[in-house]
Amino acid sequence: MKERADNSNNPFGLSRREFLKWSSALGATALSVGGISEVIGSIESKTHPFVLADRIVRTGCPAHNCGGRCLLKVFVKDEKIIRIETDDRPNDSIEDPQLRACIRGRAYRKRQYHPDRLKYPLKRIGKRGEGKFERISWDEAYDIIVSEIKRIKDTYGNSSIYVPYGTGSYNQVNGRQTAVRLFNLIGGSLGFYNSYSWAAISKATPYVFGTSVTGNQRQDWVNSKYIIMWSWNPCEMRDGTNSEYFLKKAKENGARIICIDPRMSMSAVALADEWIPIRPGTDVAMMSAMAYVMITQDLYDQEFVKKYCVGFDSSQMPEGLEREESYKDYILGIRDGIPKTPQWAEEITTVPKETIINIAHEYATIKPAMLYQGYGMQRRAYGETAVIGGCVLAALSGNIGIPGGCASGIALQADDGGPFWNVFPTGPNPIKTRIPTFLWTEAVLRGQELSVAEGVVGADKLDNNVKLIYAVATNALINQHANVNRTAKILEDEKLVEFIVVHEQFMTPTAKFADIVLPVCTQFEVWGLEDGWKYGDEVILMPKIVDPPFETKSDYQICSEIADRFGVKYQYTEGRTEKDWIEWTIEEYRKTRFPNVPNLKEFEKSNKGVYSTPITEPKIAFRDFRNNPQKNPLKTPSGRIEIFSKTLFEMQKPCTIPPIPKYIQEWESPFGEEAKKYPLQAVGHHYMGRVHSTHDNNEWTDEAFPQRVFINPVDALERNVEDGDEVKVFNDRGTIIIKCRVTKRILPGVIDIPQGAWWTPDKNGIDRRGCINVLTSEKWTPLAFGNAQHTIMVQLEKA
């Protein structure tokens with residue numbers, strides 16, 4: 001390799017301008033043949049390594065929960081990372097494909113060496129949220145933290161301590177799990193369940209199937225001949241590394257791909273034969289109309305429904321509920337007098353009735369077919385019903401338990417437990433009470449009022465309000481939680497949460513509300529290990545590549561040093577260093593999913609970065625059940641697929657938790673009174689330039705994918721708005737002002753503000769960066785108690 005001529009601004013690799021130029025020049029062409037990977041491949045072919053590196057290290061991409069786990073090829077010179085490429089293993093195949101990183105991983109140098117990296121422990125000296133801090137020593141920071149933990153424990157008890165949801169790191173020794181282990185050794189803390197990502201879909205799927213393992217392994221996707229990507233954008237949010245690759249291979253194998261989404265997403269452009277824009281929150285209406293066509297035209301798989309399902313019609317109702325409304329009754333309008341016809345659905349969804357009829361015909365007749373549900377549709381009011389609606393459509397089509405099919409729902413892969421994410425042991429929590437993770441602000445405001453009615457488990461009600469928050473690898477205290485202005489007011493009040501600690505790499509919106517901020521190293525600066533995300537049959541080693549700068553430490557080191565001050569250091573570390581824990585972790589994987597994974601010494605010596613298991617015979621979810629339902633019943637009350645759920649019926653909440661999937665008008669809707677004041681629906685998709693809020697300060701990715709509000713020309717013309725104008729977007733919860741992009745790639749009546757931009761309020765409280773959570777509601781879904789942050793009505797006008 002030849003060394004590139006020096007440049008004072010950027011000695012090695014691509015400059016920001018070159019990065020943007022190649023992305024822009026190649027983007028449209030590459031997307032037309034298969035996604036962002038080709039964009040990067042084209043860039044690399046023209047800019048092959050310019051540097052003579054001292055060493056090249058293969059490692060896992062820092063795990064910020066993008067939805068993928070990718071392999072990076074890191075070039076190091078003079079103990080500094082000078083270039084990042086991706087997986088270059090030969091013999092790429094569908095059985096064992098390369099784990100190719102997107103621009104977020106390849107642009108990581110800009111984040112790694114960002115001048116705003118936190119360098120030293122900080123103590124707040126202004127009001128919470130002002131961002132005024134002073135540098136202190138680690139000893140002083142630990143003294144304050146230990147003193148406050150002891151005070152809160154003595155005054156309120158351990159159940160007033162909370163380690164919140166955080167997905168900013170999953171490399172074993174960096175991440176919130178390190179703090180959970182610490183608190184479990186000193187009396188425990190209030191726990192949580194669910195996630196901001198999958199709350200409704202993970203809760204709802206088992207009501208139909210008795211399991212979350214409802215998807216075939218991805219190598220089987222190539223056998224499908226018809227694929228519906230419903231609210232699914234794997235090219236951008238990376239729903240498993242290489243999911244778009246498998247879809248591309250299915251397309252090459254003859255599959256027709258349909259994308260149903262309010263936006264013409266990257267996935268629609270790169271993969272779909274047809275894009276069907278749909279009004280957000282109306283998915284169940286379209287699903288119901290498709291079912292109407294399949295039922296009235298005898299297109300549904302009658303034999304499959306009769307043999308494997310319950311609740312389809314009056315002949316299949318659970319015992320004792322024979323007189324209740326069946327799914328067929330609802331679809332035909334027997335009880336409510338409203339047949340769920342395509343014409344009925346068109347008025348709700350904006351999807352033309354002819355399109356609904358055509359999609360229903362194709363899905364029912366082209367075999368095998370796969371309906372894959374993304375997660376945007378379930379982060380809405382009544383998101384659980386959309387999940388169940390997709391599962392029921394899959395049952396009607398009979399595409400369950402066969403190659404090329406999919407049962408829909410969360411669709412975890414049919415495997416021996418799937419990826420683990422973390423195996424670092426946290427130990428038992430002495431506090432058995434847990435709350436839904438999205439309701440943590442309620443636990444701050446009125447914790448002792450919360451009961452099972454608000455999703456509390458492990459106790460009838462909480463015995464404490466949250467008084468101490470110890471936040472690691474998270475921006476969900478402020479930026480990623482709903483209704484930012486409300487949350488900020490809660491955290492500003494020191495009589496509510498009395499002490500807040502934040503581990504961070506940057507002064508994020510969440511960090512600004514901390515009393516103590518502790519600087520954390522990146523995953524390139526500590527040992528780590530990761531496996532696949534939702535899918536994946538690989539383990540990726542993450543060696544320590546460079547030393548932590550300034551006074552930064554790993555989350556593990558910080559927590560072990562605090563443990564020392566509580567007298568439990570040995571119990572915490574078990575005598576292990578960070579590297580020792582990675583060796584231990586590999587052995588844990590050897591006992592379970594990967595019996596032939598090399599030991600740490602062999603892994604490190606090979607410098608391959610990844611151990612993978614080729615999949616030559618992909619597993620098919622429910623194959624055994626389909627072959628013999630009596631011998632292999634499902635773990636549902638009936639042992640069969642529950643189109644009608646007796647369990648949901650017995651909750652006696654038919655208007656919000658119906659036992660069959662029904663269209664329910666959302667609490668903020670174009671059809672409600674609120675639409676007179678706020679006529680536009682807003683969504684916030686996962687943006688290519690960020691991983692949630694991580695990388696929002698990365699100049700390279702931001703220039704390639706700047707923060708904008710996307711608006712259809714019809715809506716822009718009505719408001720006298722032109723492309724590039726600054727616009728004000730607002731509702732009763734808050735206001736943002738950012739530039740707009742006028743595009744036909746979004747449905748009229750809908751705007752898109754990509755989620756994750758860092759909340760940056762001006763002196764008037766108006767956000768100037770475009771944080772969509774200024775506009776979102778803290779209201780939760782009825783069954784899963786999950787976030788419904790996509791259910792938003794707003795107005796937009798020229799600023």
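The values are calculated or read from the model by the stated rules, or taken from the named source; none is laboratory data. Predicted model only: the values in this text are computed from it and were never measured. When we count neighbours, we look across all protein chains shown, and the Cβ atoms used for this are built from the backbone with ideal geometry, even at glycine. Keep in mind that these areas ignore ligands, DNA and RNA; they rest on the heavy atoms of the full protein, side chains included. Shrake-Rupley method; radii C 1.70, N 1.55, O 1.52, S 1.80 Å.
When you have a sec, figure out the Kirkwood radius of region 674-798 from all distinct Cα pair distances and drop it here in Å to one decimal?
Taking the inverse mean of 1/r over all distinct Cα pairs, region 674-798 comes out at 14.8 Å.
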>> Counting only protein heavy atoms and a 1.4 Å probe, tell me what percentage of region 52-147's accessible area is made up of carbon and sulfur.
In response: 46
> To the nearest 500 deg cm²/dmol, what mean residue ellipticity at 222 nm is calculated for the chain from DSSP H runs of n ≥ 4 alone, each contributing -39,500 (n - 2.57), summed and divided by the residues?
Replying inline: -8500 deg cm²/dmol
> In region 621-722, which chymotrypsin sites (Phe, Trp or Tyr not before Pro) fall in coil by DSSP and have 13 or fewer other Cβ atoms within 10 Å?
Replying inline: Phe671
> Taking H as built 1.01 Å from N, whose amide H comes closer than 5 Å to the amide H of Thr760, not counting residues under 5 places away?
Replying inline: Arg768, Arg769, Gly770, Cys771
> Once you put a point 7 Å from the Cα of Thr743 and another 7 Å from the Cα of Asp78, both along the Cβ direction, what distance in nm separates them?
Replying inline: 4.0
> Packing-wise, with mean Cβ within 10 Å as the measure, how do 615-621, 472-478, 426-432, 98-104 rank, highest first?
Replying inline: 472-478, 98-104, 615-621, 426-432
> Using a cut-off of 17 Å between alpha-carbon atoms, which lysines can reach Lys353, once sequence neighbours fewer than 8 places away in the same chain are excluded?
Replying inline: Lys340
>> So if each residue of separation counts as 0.36 nm, and I subtract the Cα-Cα distance between Ala799 and Tyr113, what length gain in nm does that give?
In response: 243.4 nm
> What is the spin-label model distance, in nm, from Asp54 to Asn358 if the labels are put 7 Å beyond Cα along the C-beta direction?
Replying inline: 6.1
> Can you give the alpha-carbon Rg of region 165-218 over 2.2 N^0.38 Å, where N counts its residues?
Replying inline: 1.51
>> Viscosity 0.692 mPa s, temperature 37 °C: give me the Stokes-Einstein translational D for the chain in µm²/s, with Rh taken as the Kirkwood radius over C-alpha pairs.
In response: 120
>> Along the Cα→Cβ direction, 7 angstrom out, place labels at Ile125 and Leu496. What is the inter-label distance in nm?
In response: 2.7
> Of Lys203/Lys249; Lys73/Lys119; Lys248/Lys306; Lys328/Lys662, which ones are farther than 23 Å apart at the Cα?
Replying inline: Lys203/Lys249; Lys73/Lys119; Lys248/Lys306
>> Probe of 1.4 angstrom, ligands and nucleic acids ignored: what's the accessible area per residue over the chain, in square angstrom?
In response: 36
>> If each residue of separation counts as 0.36 nm, what is the full-extension length gain between Cys655 and Val452 once their alpha-carbon separation is subtracted?
In response: 71.1 nm
> Can you list the GluC sites (Glu not before Pro) in region 171-258 that are in a DSSP coil and have 13 or fewer other beta carbons within 10 angstrom?
Replying inline: none
> Between Val714 and Lys432, 0.36 nm times their residue separation minus their Cα-Cα distance comes to what?
Replying inline: 96.2 nm
> Where the Cα atoms of region 147-299 are projected onto their three principal axes, how long is each span, largest first, in whole Å?
Replying inline: 67, 34, 29
> Name the GluC sites (Glu not before Pro) in region 643-693 that are in a loop by DSSP and that have at most 14 other C-beta atoms within 10 Å, would you?
Replying inline: Glu650
> Suppose R0 equals 35 Å; then what is the FRET efficiency for Phe420 and Asn628 from their Cβ-Cβ distance, rounded to the nearest 0.05?
Replying inline: 0.70
> Amide H of Arg58: which non-local residues (sequence gap of 5 or more, or other chain) have their own amide H closer than 5 Å, using H built in the peptide plane?
Replying inline: Val74
>> For the pairs Lys132/Lys739; Lys763/Lys798; Lys127/Lys467; Lys677/Lys779; Lys534/Lys744, flag any whose C-alpha to C-alpha distance is greater than 27 Å.
In response: Lys132/Lys739; Lys534/Lys744
>> Just to confirm my understanding: which cysteines in the chain have no other cysteine beta carbon less than 4.7 Å from their beta carbon?
In response: Cys66, Cys102, Cys235, Cys259, Cys309, Cys391, Cys406, Cys521, Cys559, Cys655, Cys740, Cys771
